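*Asks:* Got a structure here, written out as structure tokens. Questions coming.
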Amino acid sequence: SPALYLAPTPIGNLGDITVRTLEVLRAVRWVAAEDTRHSAPLLARFGCAAKMIACHEHNEEAAAAQVIGRLADGESVALVSDAGTPAISDPGARLVARVRDAGYRVVPLPGPCAAVTAFSAAGLADAHFLFYGFLPAKAGQRQEALRGLAALPYALVFYEAPHRIVDTVAALAEAFGGERRLLLARELTKLFEQIHSCPLAEAVAWLTADSDRQRGEFVLVVAGAAAVADDGDSERVLRLLLAEGL
Ligand code: SAM
């Protein structure tokens, strides 16, 4: 039966496309893409000859109607974003909701996602984490958002763009205190991949010591607030206190 496939694409290294995603991209008649011009060469490279439907944040309702029309014709559609997993800090969530409401299958394919890739390298895999995505761009709103996160006992995962990375890291240190550990994952899966861990207090100095360190795409993983001692989970508290790396 026809379905909307959510098809993750590489976040830097073309080798990260999965075998199953390739099979789906080669089989579907239609691909809905965040930016058709960006995705066309990539899809051609993967041997996908599907026709394209534009689906970005400004036309998601109209795109959903188009996708549902194709599904009603019995034709499957794959959704791709510019990079990584669709609908994760990318367009797609409304399309998915509409397609599901219309009674069609939504099939999520596992694959590249910058947040999960960075978190797996943080050495916190036994802890809970909260995926936040992009903080607000405006300083006041960002501060307010961070205030709401400061006491949570969960590691926090943020996305950030290069032109805001220094400001954001400074705001994190101010809101959470300099002692919390940060893992900064830059250009994951790419030629200049860099993963650096330090206390928040040292992060701005590290970034500004070399302008190359402010280039590219970033995931920030911040350790959670130290657990409250009265939750009885003393082993976890001890581990947090003893943690040297993130
Ligand atoms: N849907 C994507 C995913 O699954 O990861 C995320 C899309 S979001 C618009 C783009 C942000 O993801 C970037 O600003 C950066 O924070 C993060 N990102 C994407 N690729 C990355 C990479 N190779 N290394 C580090 N961060 C990356």
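The values are calculated or read from the model by the stated rules, or taken from the named source; none is laboratory data. Small disclaimer: the values here were computed from a predicted structure and weren't measured. A quick note on method: Cβ atoms are made from the backbone with ideal geometry, for glycine too, and the neighbour counts reach across all protein chains shown.
*Asks:* Of the residues that make up region 101-108, is at least one in a loop (DSSP other than H, G, I, E, B), more than 17 Å from the chain's Cα centre (by Cα) and among the hydroxyl-bearing types (Ser, Thr, Tyr)?
*Replies:* Start the filter on region 101-108 by keeping residues that are in a loop (DSSP other than H, G, I, E, B), which leaves 102-104.
Still in the running and more than 17 Å from the chain's Cα centre (by Cα): 102-104.
Filter again for among the hydroxyl-bearing types (Ser, Thr, Tyr), leaving 104.
Checking region 101-108: at least one residue is in a loop (DSSP other than H, G, I, E, B), more than 17 Å from the chain's Cα centre (by Cα) and among the hydroxyl-bearing types (Ser, Thr, Tyr).
Listed here are the residues, each with its yes/no results for (1) small (Gly, Ala, Ser); (2) more than 18 Å from the chain's Cα centre (by Cα).
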site: Thr9; (1), (2): no, no
site: Arg26; (1), (2): no, yes
site: Arg29; (1), (2): no, yes
site: Ala32; (1), (2): yes, yes
site: Leu43; (1), (2): no, yes
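*Asks:* Can you tell me which residue within region 182-203, out of those that are surrounded by 19 or more Cβ atoms within 10 Å (Cβ to Cβ) and of a type in the set (A, V, I, L, M, F, W, C), is farthest from Leu172 (Cα to Cα)?
*Replies:* Leu188
*Asks:* Moving on to the next point. For region 77-86, which positions are in a loop (DSSP other than H, G, I, E, B) and buried (at least 18 other Cβ atoms within 10 Å of the Cβ)?
*Replies:* Of region 77-86, the ones in a loop (DSSP other than H, G, I, E, B) are 81-83, 85-86.
Those that are in a loop (DSSP other than H, G, I, E, B) and buried (at least 18 other Cβ atoms within 10 Å of the Cβ): Ser81, Ala83, Thr85, Pro86.
*Asks:* Can you tell me which residue within region 194-228, out of those that are touching a Pro at 6+ places or on another chain (Cβ under 6 Å) and in contact (Cβ under 8 Å) with a residue 60 or more places away in the chain, is nearest to the ligand (Cβ to nearest atom)?
*Replies:* Taking the candidates together, the pick is Gly224.
*Asks:* Look at Pro112 and say whether it is assigned to a loop (DSSP other than H, G, I, E, B), touching a helix residue (DSSP H, G or I) at 6+ places or on another chain (Cβ under 7 Å), within 30 Å of Leu71 (Cα to Cα) and within 16 Å of the ligand (Cβ to nearest atom). If you could, list the steps in order and put the result at the bottom.
*Replies:* Values: assigned to a loop (DSSP other than H, G, I, E, B): yes; touching a helix residue (DSSP H, G or I) at 6+ places or on another chain (Cβ under 7 Å): yes; within 30 Å of Leu71 (Cα to Cα): yes; within 16 Å of the ligand (Cβ to nearest atom): yes.
It is true that Pro112 is assigned to a loop (DSSP other than H, G, I, E, B), touching a helix residue (DSSP H, G or I) at 6+ places or on another chain (Cβ under 7 Å), within 30 Å of Leu71 (Cα to Cα) and within 16 Å of the ligand (Cβ to nearest atom).
*Asks:* Only helices (runs of 4 or more DSSP H) wholly contained in region 2-76 count here; list those with 2 or more residues that are farther than 26 Å from Val116 by Cβ and either of a type in the set (Ser, Thr, Tyr) or without any contact (Cβ under 8 Å) to a residue 40 or more places away in the chain (or both).
*Replies:* Of the helices (runs of 4 or more DSSP H) lying wholly inside region 2-76, those with at least 2 residues that are farther than 26 Å from Val116 by Cβ and either of a type in the set (Ser, Thr, Tyr) or without any contact (Cβ under 8 Å) to a residue 40 or more places away in the chain (or both) span 36-45, 60-72.
*Asks:* Something else about it: Report yes if Gly148 is part of a helix (DSSP H, G or I), surrounded by fewer than 19 Cβ atoms within 10 Å (Cβ to Cβ) and either at pLDDT 95 or above or within 15 Å of the ligand (Cβ to nearest atom) (or both), otherwise no.
*Replies:* Numbers: part of a helix (DSSP H, G or I): yes; surrounded by fewer than 19 Cβ atoms within 10 Å (Cβ to Cβ): yes; either at pLDDT 95 or above or within 15 Å of the ligand (Cβ to nearest atom) (or both): yes.
Against the criterion (part of a helix (DSSP H, G or I), surrounded by fewer than 19 Cβ atoms within 10 Å (Cβ to Cβ) and either at pLDDT 95 or above or within 15 Å of the ligand (Cβ to nearest atom) (or both)), Gly148 qualifies.
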